[in-house]
Amino acid sequence: MTKVVMTFPEGKFKVLTMSYDDGKAADRRLVDIFNRYGIKGSFHLNSGLLGEGERIPPEKIASLYQGHELSAHTVTHPTIARSPKEQLIEEVMEDRKKLEELAGYPVRGLSYPNGSYNSLIKEVLPYLGIEYARTVNSTDNFGMPDDFIEWNPTCHHNRNLLQLAERFTSLHKKQYLYMFYVWGHSYEFDHDNNWDLIEQFSEFIGGREDIWYATNIEIVDYIKAFRRLHFSANSQFVYNPSAKSVWLNVDGQIVEVPGGQQVSLIKEETWK
């Protein structure tokens with residue numbers, strides 16, 4: 001039987017994604033650093049607080065975060081595990097609506113405000129159009145998430161970031177997929193006077209040919225596209241009903257399966 005496994009785009013087996021909360025002014029400097037080194041981030045904003053104090057004003061949102069992802073963080077940042085479900089629904093849906101007006105595309109992700117969630121919240125979020133939700137529970141490893149609604153990051157940027165980056169870049173076993181997921185708040189670099197940390201990290205890890213640089217929702221969409229593939233019973237051909245390409249390792253060879261197409265997964269001479 002043909003041996004088929006998923007890879008990331010272009011056959012890559014590592015992905016880096018960044019996740020930052022609250023939308024304060026320091027995001028400007030952070031986005032500039034990410035753009036310089038080809039790194040992508042997901043930025044989780046409270047739409048009801050935009051423009052207050054040091055927060056980015058609404059009219060600057062679309063241009064600042066272009067090329068990255070806007071994601072929900074609730075309207076007013078409550079501790080939602082202590083909130084009634086009616087408030088939860090309003091906080092998430094109104095945040096989505098306001099952010100979508102600014103972004104011009106559907107907002108489908110969320111980071112839990114104050115790291116607060118429970119089983120009821122996890123059950124409700126998909127019905128509110130949320131396809132992933134990030135926790136603050138660092139794993140210190142590079143495993144792929146089993147539950148996108150309880151998506152645990154690798155680390156906060158103040159927790160062994162450079163050491164983990166060295167470990168990540170040294171990984172070489174292509175039979176696995178590795179994800180490095182960093183979270184934090186950009187204003188913490190001001191408070192801790194350590195902008196050199198994220199500069200050094202980004203320069204070190206950016207621009208590598210074996211790493212896919214993706215937003216949170218791009219990772220979700222890609223994995224869902226793989227799961228939607230229709231394989232023949234003997235894995236000799238596959239149909240991709242999605243719009244985006246999916247890449248596979250087929251007996252050691254990288255094969256692109258374009259959106260809307262059926263692709264043979266065996267060499268032509270083996271049909272004879």
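Using only Cα atoms and rounding to the nearest 10 degrees, what angle (0 to 90) does helix 195-205 make with the longest principal axis of the chain? So the inclination is approximately 10 degrees. Can you give the FRET efficiency for V263 and F204, using 1/(1 + (r/R0)^6), R0 = 35 Å, r = Cβ-Cβ distance, to the nearest 0.05? Calculated value: 0.45.
What the phi angles of the range 212-222 give under the Karplus curve with 6.51, -1.76 and 1.60, with θ = phi - 60°, is a coupling list of 8, 9, 9, 7, 4, 6, 5, 5, 4, 4, 5 Hz, glycine and proline written as x. Helix 161-170 and the longest principal axis of the C-alpha atoms of the chain enclose an angle of approximately 10°. The range 222-239 and the range 23-82 have their alpha-carbon centroids 36 Å apart. Each Lys or Arg adds one and each Asp or Glu takes one away; over the other residues whose Cβ falls under 15 Å from the Cβ of H185, this sums to -1. In loop segments of the range 185-243 as defined by DSSP, the trypsin sites (Lys or Arg not before Pro) with at most 12 further C-beta atoms inside 10 Å of their C-beta are R228.
Cα gyration tensor of the range 40-86, axes a ≥ b ≥ c as square roots of the eigenvalues: rounded (a/c below 1.5), prolate (a/b > b/c) or oblate? It comes out oblate by the Cα gyration axes. Centroid-to-centroid, using Cα positions, the range 84-132 and the range 155-182 are 28 Å apart. Sort the range 163-230 into rounded, prolate or oblate with this rule: let a ≥ b ≥ c be the square roots of the eigenvalues of the Cα gyration tensor; rounded if a/c is under 1.5, and if a/c is not under 1.5, prolate when a/b is larger than b/c, oblate otherwise. Since a/c reaches 1.5 but b/c is at least a/b, the shape of the range 163-230 is classed as oblate. Legend: P(r) of the chain from all alpha carbon pair distances, 10 Å bins from 0, whole percents, reading 6, 28, 32, 22, 9, 2, 0, 0. Among the listed pairs K60/K85; K173/K224; K14/K244; K3/K244; K122/K173; K40/K267, those with a Cα-Cα distance over 26 Å are K60/K85; K122/K173; K40/K267.
Using a ≥ b ≥ c from the Cα gyration tensor of the range 1-147 (square roots of the eigenvalues), is it rounded, prolate or oblate, where a/c under 1.5 gives rounded and otherwise the larger of a/b and b/c decides, a/b for prolate?
Working: a/c = 1.90, a/b = 1.20, b/c = 1.58.
Oblate, since a/c reaches 1.5 and b/c is not below a/b.
Axis angle, to the nearest 10 degrees, between helix 85-103 and the longest C-alpha principal axis of the chain: 80 degrees. For the range 139-187, the list of chymotrypsin sites (Phe, Trp or Tyr not before Pro) that fall in a loop by DSSP and count at most 15 other C-beta atoms within 10 angstrom reads Y176.
Rule-of-thumb check for the range 229-271: C-alpha Rg over 2.2 N^0.38 Å?
Against the compact-globule rule of thumb, the ratio is 1.09.
Amide H contacts under 5 Å for S242: G260, restricted to partners 5 or more places along the chain or on a different chain, H placed in the peptide plane at 1.01 Å from N.
The range 101-248 has equivalent-ellipsoid semi-axes of 29, 23, 15 Å, by the square roots of 5 times the alpha carbon gyration tensor eigenvalues, sorted largest first.
May I ask for the net charge around P84, where only other residues with Cβ less than 13 Å from the Cβ of P84 are counted and Lys, Arg are +1 while Asp, Glu are -1? Overall, the nearby charge balance is -1.
In loop segments of the range 167-228 as defined by DSSP, the GluC sites (Glu not before Pro) with at most 14 further C-beta atoms inside 10 Å of their C-beta are E209.
Nearest 500 deg cm²/dmol is fine: what mean residue ellipticity at 222 nm does the chain get from its DSSP H runs of n ≥ 4 alone, each adding -39,500 (n - 2.57), divided by its residue count? Computed mean residue ellipticity for the chain: -9000 deg cm²/dmol. Per residue, the average separation of C-alpha pairs within less than 8 Å and at least 6 apart gives the chain a relative contact order of 27 percent.
Read the figures in this text as sums done on the coordinates, not as results from a lab. On a predicted model such as this, the values are computed, not experimentally measured, just so you know. Cβ atoms come from the backbone with ideal geometry, glycine included; neighbour counts cover every protein chain shown.
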